[in-house]
Structure formats: structure tokens, C-alpha cells
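The structure appears below as C-alpha cells.
The values are calculated or read from the model by the stated rules, or taken from the named source; none is laboratory data. Remember, predicted model here, so these are calculated numbers, not experimental data. So basically every Cβ, Gly included, is an ideal-geometry build from the backbone, and we count neighbours across all protein chains shown.
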Amino acid sequence: MLSTFHGVELGKKGLNAHQVGMDTIAHNLGNIETPGFSKQKVNNTTFHPIYEPSANHPNQAGQIGTGVMVENIERVKDALIDDQIFYEKGGLGFWDAKQDYLHKIEMLMNEPGKPNIRTVMDAMWEGITKVVQDPTEIAARFELIERAKAVTDTVNHVYNSLSKLQEDANMLIIDKVAEINSMASEIAKLNVQIVKSEALGDNPNDLYDKRDLLIDKLSKLIDIKVERKNNKEVIIYLGSENLVQGPIFNPLVAKSNPDNKGFVDIQWEDGRSVRLGEGYLAGLLSARDEDLQGAMNNINSLAVNLTDAFNEVHKDGFGLNKSTDVNFFKAIPLSPYADGGYDFNNDGVVDGTALFKVSGTEVLKKETLAGTGGYLNFGPSKANGPDIVVQYQPTDTIQAVMDKINQSEAGVTAYLNHKGQLSLKAKFPSDNSFPEFAIRHIEDSGNLLTGVAGLLAGSGAQNSFDYKNVNGIAKFISPANNISFTPQTNPAGWMAVDDMILADPQTIAASGGIDTTGDGNPNMMNGLADNRNAMALMDLRYAKIMVESQSTFGEFFQSIIGDFGERSKTAITNFDKNDGVVQSLQNLKDKISGVNVDEELTKMLQFQHGYNASAKLVTVFDRMLETILRMGA
Amino acid sequence: MLGNVSQVSMANQFTFNTKKTENELQKVQNQLSSGMKIALPSDDPVSAVNYMDYDSRLKEIQTYNGLIQNATAKVDYIDGKLGSATEILQRLRELAVQMANGIYTDEVRMNAAKEVDELMKELVSIGNSYYKGEPMFGGTFVGDVPFKETYMTDPKTGEEYLVAVKYIGNNQSQIMEIEQNEKVAVNHPGNQLFWAKNALLIPSMPSTGYTAQGDSKIVVDGLEVEIKTGDTLDIIAKKINDSGAAVKANVFTQNGASYFTLETTSPHQLSLMDTNGGAVLQNLGIIEPGTQPPNNLAPSAKVYSGSIFDVLIDFRKALVDNNQFDIGGKILGGIDMAMDNVLKYRASLGAVEMRMQTVADRLGNEEIYISDIRSKMIDTDMTKAMIDMKMLEFSHDVALNLGARLMPKTLLDFLR
């Protein structure tokens, strides 16, 4: 026999269930704008039907349904799409950071069309031609000084701006690491709360949403993978390490690296480095260490080579006031000593020689035959690497030997200077190691650098120059004028016109001279109206002595612009592509988990009707009971 | 389409697309207002690099045009002066021919001598002419006028006449660069232009059995000749002859003594120097230690050289001494040689001017061509840009319009 109030109970259950339904819909509609919100859906199921098969089964047709029950409230979500979004956002974050900084670098370079390094250099070449036309005209000299100052000012400015950008990027990296750590710790706390709630059998949907939102933000910053198999311990992997494991999180540390100007490296707490993959943080690191550093290295290289090439020619000439051996651009050597000695490992004791360029004393032509065989040893090109050895035959021309050297990985470039002397100039070290612009090793087993070029005093390893030897310049027979020392770090930052030139424009050496003493340094002036040295300066415009790429200054600058233009274009293209992909994935996600007002309102109508029906049921059963109760009166 | 479309995703998609269109619009607007197709190298790296190339080359061409104009003006000026000099030499030649034939009285001869003197002073003043405030014909020496005159007063008439003209300039030509790696000489020093005779230098002492003591260099007319230890006179002579200077070295032996002589092959003043710490020429008795060229020849050496002024001074003297033989002989010959010399240099300067003109024409054409290409690289195609902008504006309008109309509508508007 059924209970009297069975029907009312059924109605009550119906009211309950539909009430929950309405509440959930209200919740959905209220949170239509909330970021990271997934719409929630009520799952109804039938309550236990009666009667169970047992000894006291009433003699009546069964089983009878007992109404509706809310089984659970769950989020409508597709985890697969979420994982895809996390993955793609990593790429988006990376190219976002790269694109931002590459754009800033491009704006600094200021091409095309606006005053930039190239245009001020063109103006300086023009200023030199004015001095070539009228070597005795003081006005032309003043103008040349102004234009040279414009070049150095522009180089300084570009370099300093790049340097500042680098520091800004570093600060941003430190900030982002703090942000990542705070988000990871939040996720760990949420994990604890969620596990507690799940233990009671509930679906903490809103907590799930909060956690997913944090993971989403995290995925743009770093390349993460979520492991959900074990409910009690949701793991977030970074690289192959756990960033968050259930309630525990491993913080990242931004450790300052003294070998990299004090800029930070990303490590785990125990000192191991983090495999960042893609993401905004990785993009920042790449922009700071590759793009910005690359641009700064290029500008430094331009400054060093321009300064050195100019000074080399200028020192040979004579000014209107008969001065000679004057530098045109300031040359501040790294070493405080006259022999180039420097303390490389910072222990207070001079332990090597910092040399930038050395020229031989003999005048050679490109077609001259080497006349002697042997091999040149330039030391290893990277730490613990093999020595770079260049072999030469007696039948090789000087040009062929220079080509061999330039095409090898030796840390020097070879060329014939304006007097036809063989010169070896240090390149920027390919592994970015210190010291920059310093020749590592010069050794000749034969007679080329000793007798033919007049550079080294002797052959073999015992007469070789090595930067780790103190007083290394004693191994050269080149006079002091043919030796240039390594400039102080970041030459682009302090490049300037020499003080003696600024003090008196007559010191500009337009006039050529003759060497009467045989030491390679001209000491007798040709004449006041001579313009040969000024013309030699003008010829530097076409000299292919830009070390890194065997090109002229103009071509080198063009290649920098082309390089950064390409990089920036790639970054923008990749960013747009990733943006589009993420956008369409977001759309997919929204299709599944997003709140559609029409759908909710339709469901609301359903629940409304259901509620009304249940309420009506209760009323009807109430009337029925009343009828029975009134039966006795 | 699977699933349903939520309001939020509709809004997101709308924002995403309008953002893209607005970006495009901004780009085109930038192109139109700045006139440049490329705002940053990343827009089109290849065109940007090409533009830089053409722009720099254009500036270079303009610089060279300026240089060529300047050089042409100088060469014209020099040609004018040489033209005047030629006229004077013409007159002197006529005078020489006249005075070499026929008997003349003292008075006539004295008048002729005076005319020669006046014409010579005129020539000296041409040799000392200025250009832009500096003496033209001293090579690269501009401290003073290159031709120094020495006068003497005639006791009978009290007038001054020239007895010596010394050249104190140097022997460097002036060079100008008119295109990449193309240099031309636009001026020659006075000791080449105003010379008449080949120089001959014979040291007074013999240098039998001389060998060079060490490695050094000698400079002959600006060309370097390397001397190695142990070089004998013959080898030194051969090196000088092979060096390409207009000088011939000779070793002639007389009575067992060898003399090292030097002779120019075209009229100009010999310029010799020891460098690199050597003293070969000093040891051979050719130059005086401690002096600079071109006036550093050893006073003990016998030097037969002749500037035009030397010839004319001899002319005047011959007239005064009534030495008709000399006038018709070596003086007439000297004047002829001088005229030939000047003509030779005028011709070479004319050739230089023609060459510069050719280069200027070539640069002019290149300028037009490169301006054109540069403009194609970087200038906005106005027509295309305007059309793009119109299209973008239109699609932007449509998108905004539709968005405004469709987005706000939901079921709510239709429920009671």
C-alpha cells in the first residue's frame, strides 16, 4: 500500500528539482560575462523506485517511480579543447613578446626615410669630400667635425636606447616570474579546496572554473601541460618538472647571472635551469639575449670598425698645423697600460694582452705570391673547441690566403690596409664570451707572417701571440703605430670625436706624407694643399673592411636593417597566425561552454512549466486528501 | 556548426574582426599621409634594404657632381693661364727668330732684351697666379709663391732685370676623385708645366764598385724604388729604369771610373729622395744630405736642367752680349721645347676635362634612373592606396552596421 502523502512527496521532489534547475539557470545568466565561466547544467534522474525485491514486498504492481532527483550539477566542458588552447597560447605569448621588442628595435633604427645612422654617415662622407676639394679651407673642416659628431651622437643614442630596452626587458622578466609564482601558489590552494569538496561527493564547479582560468593565464606565460588523471592530485608540468603537484608548488627563481651583465636566468629553487619551451617569458628571454643583444653587438662592431679604420688612415696624415699621429675618433683602450696588459680574470694581477688589430710592416699586393708554405693557427673559436688552422701553399697569392682566413672560423679577419700592409683584426667572439674584440691567438709555422708580411718576429708556437700571455705585443715586429688595442667595453656607448680634433680643426689630417725613416709611419708632410690623406679617408666608404661580413659600412648597416626587418616581420606573422588559431579555438570552447541567452531562457521556460506543474500537482493532491478527510464529516 | 553560439563568443568574434579591419585602415591611412609605402622595415624588408641602397647612392652621385664641377672650374682656369703663357711664348719665338737673323744695332738689341725681360716677368707672374686665395702652380706647397725672382740693377739705365728664377714649390700633382675609385690629376706643379729641357745630372765624384750597404728605398719623382743590401750600380740603375718614372739612369765608365748619371726623358725638374733610413743617393754624390726635394741636388754635381725661365734669361744675356749663334741655336730650341711642353700639358688637361664630362653625363643618367627606382620602392601608389581605403571603409561600415543590429537581440525581447 502506498503512503498517503506519496503524491505530495512526488510534487515536493518535483518542486525541489525544478527549483534547483531555475537557480542554476539564474546562476548561468548572471555569470554570462564572467571570464572563464563554463555554463552549468543540472542532471536530473529518477529517484529510487519502490519496492525493492524483498520479503516484505507488498502485493501490488510495481515498481512505482518516486519522482525526480537532482543527480549532479556539472560544467559543460571539453577538456581536450582546453588543452589545445593552453598549447597554442604558449606560442602566442612567445611571439607577442618577440614582436613587441622587435618592433621597438625597428623604431630605434629609424629606417626608412628618417634621419638615422645611415643618413648621418652619408652626410659625413659628403663632409669629407668638401675637405678633399679644399684642404686648406677651415670652414669645410668645421663642417666635417659637426657631421662626425652627428654620427657619434646617433650611434651613442641608438646604443644607449637598446641598452635601456634590455634592462627593461630584464625587469619585466623578474616581474613575470613573481606573477607566475603567485598564480602557481593560488592553484595549489585551489587544489586543496577542490579535493576537500570532491571528497564529499560535490562538484565544486566554480572552483574548477577559477582554477582553469589561472591555468589559462599561466599558459600564455610559460609552456605548461596539465595532468588530470588523478583527481586528488592535479599536476601542472613545466618542461618535465612539476610546477604544481596537488597542494605543493615549486616556485621559479630569477637568479642574477654575473656572466651576463647581471641579467637573470630562470631556475628552479635547487639551481637547475628551467626548460621554458614557448611562452611570453621565453619570448622575453629570447628578445633580451638574442635580438637586443644582437643589435647591440652589431652597433658595437660598427663603432669599433669605423673608429679603427678612420684612425688608421688619419694617423698617417698631416694636419694644417703639421700635426700627425692624431686619432680622429676617440680610442679608449680596455687596458690601462701602454702594452695592452689586462687582468682578464679580475684577480688583481695582469694576466694577458688585449689586442684588437695588428698590421705588418711590408707593403704587399693582392697578387703577390706567398712564396712560402705552412699553416696559420688562430686558436679555438669556442671554449674547449679545436684550434682553427689555415694552411697556405707557396703558390697561393696573398688574396687567396686572406680569403682562406676569412672563410674559416678563425676569430680574426684579414685584409690589406690602405698602405698595402697585411692586417689581422679581431672579430666579435662567436660564443659571446669576454673579452670582446680581442685577438686570441696568432701563430705561423712558416714564413708568411714573419718575413713576407713583417708581422711576427718568429715562427712556431714559442713565437706565437696569445692573449693569455703578458706583454704579448713583444712577439710582433710591427711598430706601435700598426698595433691597435682592444677598446673599452661597449665602444658604441662612448664613441666620440677625439678631443684634439675638437680643440683645433687644423688638426684634421688631410695631407699625406712620406716615410723617410723606414718605420712605416710617414713623418714628412707633402704640402699644405695636399688632399691625399683626405681622399684615403673618403675611400674608406668603399673599403670592405667591416669585419663581420666583409662588407662596406653602408652594406653592413643595410644587412642589420634587413635582418631585423625580417625578424620583425616573422614575429608579426607568427603572432597573427597564433592569434587567429587561439581565437578560433576560443570560439569552439565558447560554443560548448559559453552561455547562450536564448538557450537558457528556453530551458527556463521548461523549468518554469515543470515547477508550475509540480505546484499544481501538490495542489491537486491536497484537494484529493481534503476530499478523503471530509468523507467522515 | 556544432554546438551553439554564445553571446560572448559572438561579441568576441566581432571585436576580433573589427580590430583587424581597423589595423588595416590605419596602415593605409599612414601610407597616404606619409607618402611612403613602407613605414617600418618589417612591412617589406627587401624593399627597405633596396631603398637604403638607392638613397645612399643618390646622395653619393650628388656629391660627385659637386666634385666634378669644382674640378672642372679648376681645370678651366689652368687652361686659361696656360693659354696666356703660350701666347707669350709665341711672341718670344718670333723675337728669337727675328734676332737670330740679321745684323742689328746695339739700341735695337737692347730694346729686344728689355722686351724679353718684360715678357719673362709676365710669365713669372702667370706661374705665381692664385686660385681661391692660394698659389696654383706650386704643387701642394702653398706657403709662398712658387717662383722666386732675383733681380739685379743695370748700372747704366738703373732698371731692374731678372737674373734667376728659382722654383720653391714641391712636385706633387693635385688629385681629385670623381667616381668610386676613379681619380684624376687636375693640376700639375710648376716644375713640370714651365720646364723646357730634360734635366741631366752627373755627380762630380765617381762611385766605382759601390754596393748598397743596407735595405732602403729611394724615391724618384714620387715613385718608390727598393734597394736591397748588396745592389751594385748596374742593379740600382736597372731598378730605376724599370720603376716607371720619366727618368733614365745610366752608369758610364770613363778611365776606369764609373759615374752614376740620371737624365729625365721629359722636361721636368728631377725630384730625388732617400727614405727608410737609407743614404744611397747621398753616397752616390747626387743629393745633399739634410735637404728636401726638389732643391736638394748636391751642389758638387753637374746639373743641366732648364726651366723656361733659365732659357729666357740666357736669351736676354745673349742679346746683350750679341751672341746670335746661341739665339738661333739652343735658345730657339729651348723656346720650342717649352712650347711643346705646355701644349702637351694643355692636351692632357683637356683630356681630363673630357673624361670628367663623360663621368658627369653618366652620373646624370644614373641619377635619373635611381631616383625613379627609389621612388618605386618606397613611394605610395596613391591610386591603389585610395581604392584600398575605400574598400576597407565600406567593409568596416557593413560589419559595424550588422553587429549593431544582430547582437543585442535575444529571446528576451520576444518573451512576454
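Working only within the range A:100-150, note down all residues that are hydrophobic (A, V, I, L, M, F, W, C) and free of Cβ contacts under 8 Å to residues at least 40 places away in the same chain. Steps first, answer last, please.
First, the residues of the range A:100-150 that are hydrophobic (A, V, I, L, M, F, W, C): A:102, A:105, A:107-109, A:117, A:120-121, A:123-125, A:128, A:131-132, A:138-140, A:142, A:144-145, A:148, A:150.
Residues satisfying the conditions are A:Met107, A:Val120, A:Ala123, A:Met124, A:Ala139, A:Ala140, A:Ala150.
Would you check if A:Leu162 is modelled with pLDDT under 95, under 29 Å from A:Phe328 (Cα atoms) and away from chain B (no Cβ under 12 Å)? Working first, answer last.
On the way: modelled with pLDDT under 95: yes; under 29 Å from A:Phe328 (Cα atoms): yes; away from chain B (no Cβ under 12 Å): yes.
Yes; evaluated as a whole, the condition is true for this residue.
So if I check each of B:Phe260, B:Phe315, which one is touching a helix residue (DSSP H, G or I) at 6+ places or on another chain (Cβ under 7 Å) and closer than 14 Å to B:Ile218 by Cβ? Talk me through it step by step, then tell me what you get.
On the way: B:Phe315 fails: closer than 14 Å to B:Ile218 by Cβ.
Going through B:Phe260, B:Phe315 in turn, just one is touching a helix residue (DSSP H, G or I) at 6+ places or on another chain (Cβ under 7 Å) and closer than 14 Å to B:Ile218 by Cβ: B:Phe260.
Do we find a residue being charged (D, E, K, R) and at pLDDT below 80 anywhere in the range B:293-306?
Let us first name the residues in the range B:293-306 that are charged (D, E, K, R), namely B:302.
Right, trim to at pLDDT below 80 and you get B:302.
Yes, the range B:293-306 has at least one match.
Would the range A:26-33 turn up any residue that is under 30 Å from A:Asp212 (Cβ atoms), in contact (Cβ under 8 Å) with a residue 24 or more places away in the chain and in a loop (DSSP other than H, G, I, E, B)?
The first filter runs over the range A:26-33 and keeps only residues under 30 Å from A:Asp212 (Cβ atoms), leaving A:26-33.
From the residues that got through so far, the ones that are in contact (Cβ under 8 Å) with a residue 24 or more places away in the chain too are A:28-29, A:31-32.
Within this subset, residues satisfying the condition of being in a loop (DSSP other than H, G, I, E, B) are A:31-32.
Yes, because at least one residue in the range A:26-33 is under 30 Å from A:Asp212 (Cβ atoms), in contact (Cβ under 8 Å) with a residue 24 or more places away in the chain and in a loop (DSSP other than H, G, I, E, B).
Can you work out which of the residues in the range B:36-53 that are more than 8 Å from every other protein chain (Cβ to nearest Cβ) and under 14 Å from B:Ser375 (Cβ atoms) is surrounded by the fewest Cβ atoms within 10 Å (Cβ to Cβ)?
Only one residue fits best here, namely B:Ser47.
I need every pair where a residue in the range B:273-290 that is in contact (Cβ under 8 Å) with a residue 24 or more places away in the chain has its Cβ under 8 Å from the Cβ of a residue that is basic (Lys, Arg), sequence separation at least 6 or different chains.
Close Cβ pairs satisfying both conditions: B:Asp274/B:Lys217; B:Thr275/B:Lys217; B:Asn276/B:Lys217; B:Gly278/B:Lys217.
Any idea which of A:Leu355, A:Leu369 is of a type in the set (A, V, I, L, M), out of contact with any Leu (no Cβ under 6 Å at 6 or more places or on another chain) and in contact (Cβ under 8 Å) with a residue 60 or more places away in the chain?
Being of a type in the set (A, V, I, L, M), out of contact with any Leu (no Cβ under 6 Å at 6 or more places or on another chain) and in contact (Cβ under 8 Å) with a residue 60 or more places away in the chain holds for just one of A:Leu355, A:Leu369, which is A:Leu355.
Suppose we filter the range B:102-150 for residues that are away from chain A (no Cβ under 14 Å) and at negative phi; how many remain?
Pass one, the range B:102-150, residues away from chain A (no Cβ under 14 Å): B:102-129, B:147-150.
If we keep only those that are at negative phi too, we end up with B:103-129, B:147-150.
Qualifying residue count, the range B:102-150: 31.
With (1) assigned to a loop (DSSP other than H, G, I, E, B); (2) in contact (Cβ under 8 Å) with a residue 12 or more places away in the chain; (3) surrounded by fewer than 21 Cβ atoms within 10 Å (Cβ to Cβ) as the list, and A:Thr154 as the residue in question, which single condition is left unmet?
Condition not satisfied by A:Thr154: (1).
Suppose we filter the range A:287-331 for residues that are in contact with a strand residue (DSSP E or B) (Cβ under 8 Å, 6 or more places away or on another chain), of a type in the set (Lys, Arg) and farther than 20 Å from A:Ala426 by Cβ; how many remain?
1
Among the residues of the range A:98-125, write down those that are more than 16 Å from A:Gln558 (Cβ to Cβ) and either facing chain B (nearest Cβ under 9 Å) or under 13 Å from the mean Cα position of the chain (by Cα) (or both).
A:Lys98, A:Gln99, A:Asp100, A:Tyr101, A:Leu102, A:His103, A:Lys104, A:Met107, A:Ala123
Does A:Ser559 satisfy the criteria of being within 12 Å of chain B (Cβ to nearest Cβ) and part of a helix (DSSP H, G or I)? Walk me through it before giving the result.
Details: within 12 Å of chain B (Cβ to nearest Cβ): yes; part of a helix (DSSP H, G or I): yes.
Yes; evaluated as a whole, the condition is true for this residue.
Taking the range A:570-581 on its own, how many of its residues are buried (at least 20 other Cβ atoms within 10 Å of the Cβ) and either at the interface with chain B (Cβ under 8 Å from one of its Cβ atoms) or aliphatic (A, V, I, L, M) (or both)? Let's see the steps before the verdict.
At the first step, the residues of the range A:570-581 found to be buried (at least 20 other Cβ atoms within 10 Å of the Cβ) are A:571, A:575, A:578.
Next cut, either at the interface with chain B (Cβ under 8 Å from one of its Cβ atoms) or aliphatic (A, V, I, L, M) (or both) only: A:571.
Within the range A:570-581, residues that are buried (at least 20 other Cβ atoms within 10 Å of the Cβ) and either at the interface with chain B (Cβ under 8 Å from one of its Cβ atoms) or aliphatic (A, V, I, L, M) (or both) number 1.
Out of the strands (runs of 3 or more DSSP E) lying entirely within the range A:400-461, which hold 3 or more residues that are farther than 17 Å from A:Glu367 by Cβ and either touching a residue at least 12 places away in the same chain (Cβ under 8 Å) or small (Gly, Ala, Ser) (or both)? Before the answer, list the steps.
Working: elements: A:412-416, A:422-426, A:441-444.
Output list reads A:422-426, A:441-444.
Kindly establish whether A:Gln586 is more than 10 Å from every other protein chain (Cβ to nearest Cβ), part of a helix (DSSP H, G or I), in contact (Cβ under 8 Å) with a residue 60 or more places away in the chain and of a type outside the set (Val, Ile, Thr). I'd like the intermediate steps shown before the answer.
Working: more than 10 Å from every other protein chain (Cβ to nearest Cβ): no; part of a helix (DSSP H, G or I): yes; in contact (Cβ under 8 Å) with a residue 60 or more places away in the chain: yes; of a type outside the set (Val, Ile, Thr): yes.
Against the criterion (more than 10 Å from every other protein chain (Cβ to nearest Cβ), part of a helix (DSSP H, G or I), in contact (Cβ under 8 Å) with a residue 60 or more places away in the chain and of a type outside the set (Val, Ile, Thr)), A:Gln586 does not qualify.
Looking at (1) under 27 Å from A:Ile508 (Cα atoms); (2) assigned to a strand (DSSP E or B), which one does A:Phe378 not meet, given that it meets all the others?
(1)
Kindly indicate whether any position in the range A:491-512 is on the phi > 0 side of the Ramachandran plot and either at the interface with another protein chain (Cβ under 10 Å from one of its Cβ atoms) or more than 42 Å from the chain's Cα centre (by Cα) (or both).
As a first pass, look at the range A:491-512 and keep what is on the phi > 0 side of the Ramachandran plot: none.
Among the residues of the range A:491-512, not one is on the phi > 0 side of the Ramachandran plot and either at the interface with another protein chain (Cβ under 10 Å from one of its Cβ atoms) or more than 42 Å from the chain's Cα centre (by Cα) (or both), which makes the answer no.
In a helix (DSSP H, G or I) and of a type in the set (Lys, Arg): is that true of B:Lys121 in this structure? First the steps, then the outcome.
Values: in a helix (DSSP H, G or I): yes; of a type in the set (Lys, Arg): yes.
It is true that B:Lys121 is in a helix (DSSP H, G or I) and of a type in the set (Lys, Arg).
Looking at A:Asp515, is it over 30 Å from A:Glu409 (Cβ atoms), free of Cβ contacts under 8 Å to residues at least 40 places away in the same chain and either of a type in the set (Val, Ile, Thr) or buried (at least 18 other Cβ atoms within 10 Å of the Cβ) (or both)? Give the steps one after another, and end with the answer.
On the way: over 30 Å from A:Glu409 (Cβ atoms): yes; free of Cβ contacts under 8 Å to residues at least 40 places away in the same chain: yes; either of a type in the set (Val, Ile, Thr) or buried (at least 18 other Cβ atoms within 10 Å of the Cβ) (or both): yes.
In short, yes.
Exactly one condition in (1) crowded, with 19+ Cβ neighbours inside 10 Å; (2) within 10 Å of chain A (Cβ to nearest Cβ) is false for B:Tyr161; which is it?
(2)
Looking at B:Thr63, B:Thr72, can you tell me which residue is free of Cβ contacts under 8 Å to residues at least 24 places away in the same chain and either surrounded by 14 or more Cβ atoms within 10 Å (Cβ to Cβ) or within 14 Å of another protein chain (Cβ to nearest Cβ) (or both)?
On the way: B:Thr72 fails: free of Cβ contacts under 8 Å to residues at least 24 places away in the same chain.
On inspection, the qualifying residue turns out to be B:Thr63.
Would the range A:282-299 turn up any residue that is in a loop (DSSP other than H, G, I, E, B) and either within 26 Å of A:Asn526 (Cα to Cα) or free of Cβ contacts under 8 Å to residues at least 12 places away in the same chain (or both)?
no
Can you name the residue in the range A:592-610 that is over 21 Å from A:Asp78 (Cα atoms) and among the hydrophobic types (A, V, I, L, M, F, W, C) and, of all such residues, is farthest from the other protein chains (Cβ to nearest Cβ)?
A:Phe607
Would the range A:593-605 turn up any residue that is assigned to a helix (DSSP H, G or I) and closer than 30 Å to A:Leu92 by Cα? If you could, list the steps in order and put the result at the bottom.
From the range A:593-605, those assigned to a helix (DSSP H, G or I) are A:593, A:597-605; that's our starting set.
Checking the rest, the ones that are also closer than 30 Å to A:Leu92 by Cα come to A:593.
Yes, the range A:593-605 contains at least one residue that is assigned to a helix (DSSP H, G or I) and closer than 30 Å to A:Leu92 by Cα.
Of all residues being touching a Phe, Trp or Tyr at 6+ places or on another chain (Cβ under 7 Å) and at the interface with chain A (Cβ under 10 Å from one of its Cβ atoms) in the range B:164-176, which is surrounded by the fewest Cβ atoms within 10 Å (Cβ to Cβ)? Just the residue, please. Walk me through it before giving the result.
We begin by selecting, within the range B:164-176, every residue touching a Phe, Trp or Tyr at 6+ places or on another chain (Cβ under 7 Å); these are B:165, B:167, B:169-170.
Imposing the further condition that a residue be at the interface with chain A (Cβ under 10 Å from one of its Cβ atoms) reduces the set to B:169-170.
Numbers: B:Gly169: 28, B:Asn170: 25.
Ranking the qualifying residues of the range B:164-176, first place goes to B:Asn170.
When the residues of the range B:179-223 are filtered to those that are assigned to a strand (DSSP E or B) and surrounded by fewer than 16 Cβ atoms within 10 Å (Cβ to Cβ), which remaining residue is farthest from the other protein chains (Cβ to nearest Cβ)? Steps first, please.
So in the range B:179-223, the residues assigned to a strand (DSSP E or B) come out as B:179, B:182-187, B:195-202, B:211, B:216-220, B:223.
Narrowing the set further to residues that are surrounded by fewer than 16 Cβ atoms within 10 Å (Cβ to Cβ) leaves B:182-183, B:185, B:211, B:223.
Working: B:Glu182: 11, B:Lys183: 7, B:Ala185: 12, B:Thr211: 19, B:Leu223: 12 Å.
So, considering only residues that are assigned to a strand (DSSP E or B) and surrounded by fewer than 16 Cβ atoms within 10 Å (Cβ to Cβ), the one farthest from the other protein chains (Cβ to nearest Cβ) is B:Thr211.
From B:Met356, B:Met273, grab the single residue that is within 14 Å of chain A (Cβ to nearest Cβ), surrounded by 20 or more Cβ atoms within 10 Å (Cβ to Cβ) and over 20 Å from B:Asn191 (Cα atoms).
Numbers: B:Met273 fails: over 20 Å from B:Asn191 (Cα atoms).
So the residue among B:Met356, B:Met273 that is within 14 Å of chain A (Cβ to nearest Cβ), surrounded by 20 or more Cβ atoms within 10 Å (Cβ to Cβ) and over 20 Å from B:Asn191 (Cα atoms) is B:Met356.
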